[in-house]
Amino acid sequence: MKCPFCKADNNRVIDSRASADGFAIRRRRECLGCERRYTTYERIEESPIRVVKKDGVREPFERRKILSGLMKACEKRAVSIDVMDDIVTRIEHQITEQFDREVPSKFIGRLVMRELRKVDQVAYVRFASVYRDFKDISEFVDEIQPMLRSPAGKASAGAKKTGAAAKGGAAKGAAAKGGARKKSRS
Ligand SMILES: [Zn+2]
C-alpha cells in the first residue's frame, strides 16, 4: 500500500489490532521512505446479502431496518440503544453464518423475537403481534402462553420456600412455648 504522503510503496507495520467491533484489523504503518505514520483497515468484503420477503420480493439486507423495528417495539421501554445495537449485531452474525446470498425475512423475524424475549417481554409481545400478524386473539394467546407459564413456575417455587419458612417459624414458636413452660416451673 502506497504512503499517502510521499507515495512510496514500502512500509512496515508497527502495530496491528482488531477494531472495536472486531470485524476489522487496524494496522498502524510507518513509511520507509518519509518515516511518516498512517493507519489502514482491513475489512471483510461486504456481502450483498438479500432478504427474501413472504411474497418473494427481494431487497438488500439493511441493518438499520432491524434496528428501527427494534426501536418501535421497545418504545418507552427500559431498553437502551446499545442493547438493541448488540441484538442487531448478533442477528447479523447469525445470518452471515447460516446464509450465503439470500435470507428469508421469516428467519430474521424469528431471531428478533428470540432476542427480544430475553430482553423485554412487552417489547417481545409488541413485535410478535406485528410480525406474526395474528388472525385472532387465541393465536396470540398461544404465542405468549409459554412466556406466561415460566414466571408462574418461579412463583410456585417461591411459595414452597415461604411454606418451609412458615414451618420453621412454627418450630420456633414451639421452642418459645417450651421456654415459657420452663420459666413457669422455676
Ligand atoms: Zn512516505
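Laboratory data are not the source of any read-out in this text; all were calculated from the coordinates shown. Quick caveat: nothing in here was measured; it's all calculated off a predicted structure. No Cβ is skipped: glycine too gets one built from the backbone with ideal geometry, and neighbour counts run over all protein chains shown.
Would you mind putting 11-21, 31-41 in packing order, based on average other-beta-carbon counts within 10 Å, highest first?
31-41, 11-21
Multiply the residue separation of N10 and R77 by 0.36 nm, subtract the distance between their alpha-carbon atoms, and state the gained length in nm to one decimal.
Result for the pair: 18.7 nm of gain on full extension.
Enumerate the amide H contacts of V103 below 5 Å, restricted to partners 5 or more residues apart or on another chain; note that Pro and chain-start residues carry no placed amide H.
For V103, whose amide H was placed from the backbone, the distant partners under 5 Å are R50, V51, V52.
Report, in listed order, any pair from K76/K106; K65/K106; K54/K118 with a Cα-Cα distance greater than 22 Å.
K76/K106; K54/K118
In whole Hz and in residue order, list the ³J(HN,Hα) couplings for region 85-92 that follow from phi through the Karplus curve 6.51 cos²θ - 1.76 cosθ + 1.60, θ = phi - 60°; x for Gly and Pro.
5, 4, 4, 4, 4, 4, 5, 4
To the nearest 20 debye, what is the magnitude of the charge dipole of region 1-144 about its Cα centre, counting +1 on the Cβ of each Lys and Arg and -1 on the Cβ of each Asp and Glu?
480 debye
So how do 66-74, 86-94 stack up, highest first, on mean other-Cβ count within 10 Å?
66-74, 86-94
Taking amide hydrogens as modeled 1.01 Å from N in the peptide plane, which residues meet the under 5 Å criterion relative to A24, leaving out close sequence neighbours?
Here S19 satisfy the definition.
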